[in-house]
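What follows is a short report on a single structure.
The values are calculated or read from the model by the stated rules, or taken from the named source; none is laboratory data. Keep in mind the model is a prediction, meaning the values are calculated, not measured. Using ideal geometry, Cβ is built from the backbone for each residue, glycine included, and neighbour counts are taken over all protein chains shown. Areas reflect the complete protein model, heavy atoms only, side chains present, ligands, DNA and RNA absent. Shrake-Rupley method; radii C 1.70, N 1.55, O 1.52, S 1.80 Å.
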Amino acid sequence: MATVSNIFIDQGATFTTTVTINDSTGSALDLTNYTALAQIRKTYASTTSTSFTSTFASDRTTGQITISLTDTQTASLDSGRYVYDVLITDSSATKTRVVEGIATVNPSVSRS
């Protein structure tokens with residue numbers, strides 16, 4: 001079962017957060033040979049999504065993945081509540097949802 005972690009994204013600003021994935025014993029999962037996909041959608045049923053950039057720590061044995069959105073991507077999101085998740089895939093094509101939650105996009109006041 002995925003860890004639930006709600007996030008807050010400021011519209012028009014760069015967003016970055018790092019998640020640490022642990023195995024069933026509580027140790028950091030070795031993410032060598034894994035890929036990651038992270039997306040945000042208005043609802044679970046939405047056909048459109050925005051993909052986060054997913055970056056693994058240089059030492060993949062730390063279990064850390066950083067997800068990020070550019071300021072342009074966050075500016076294109078309407079303020080409000082969204083859903084997101086992070087899905088990892090191992091070398092045998094087994095997919096595991098490791099993080100999910102509500103993403104709240106806070107409206108921006110400053111514009112250029």
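Descriptive notes on the structure:
- Just one of the listed residues (Thr32, Thr25, Thr55) is β-branched (Val, Ile, Thr) and at pLDDT below 95, namely Thr25.
- The lone exception for Ala93 - which of (1) surrounded by 12 or more Cβ atoms within 10 Å (Cβ to Cβ); (2) on the phi > 0 side of the Ramachandran plot it fails: (1)
- Looking across the range 55-90 at every residue that is of a type in the set (Gly, Ala, Ser) and under 14 Å from Asn33 (Cα atoms), the one that is least open to solvent (accessible area, probe 1.4 Å) is identified as Gly63.
- Some residue of the range 33-45 being within 15 Å of Thr3 (Cβ to Cβ) and open to solvent by less than 60 Å² (accessible area, probe 1.4 Å): yes
- Residues of the range 4-31 that are in contact with a Ser or Thr (Cβ under 8 Å, 6 or more places away or on another chain), part of a loop (DSSP other than H, G, I, E, B) and open to solvent by 70 Å² or more (accessible area, probe 1.4 Å): Asn6, Thr14, Asp30.
- Residues of the range 60-112 satisfying the condition of being among the charged types (D, E, K, R), assigned to a strand (DSSP E or B) and under 26 Å from Asp23 (Cβ atoms): Asp85, Lys95, Arg97, Glu100
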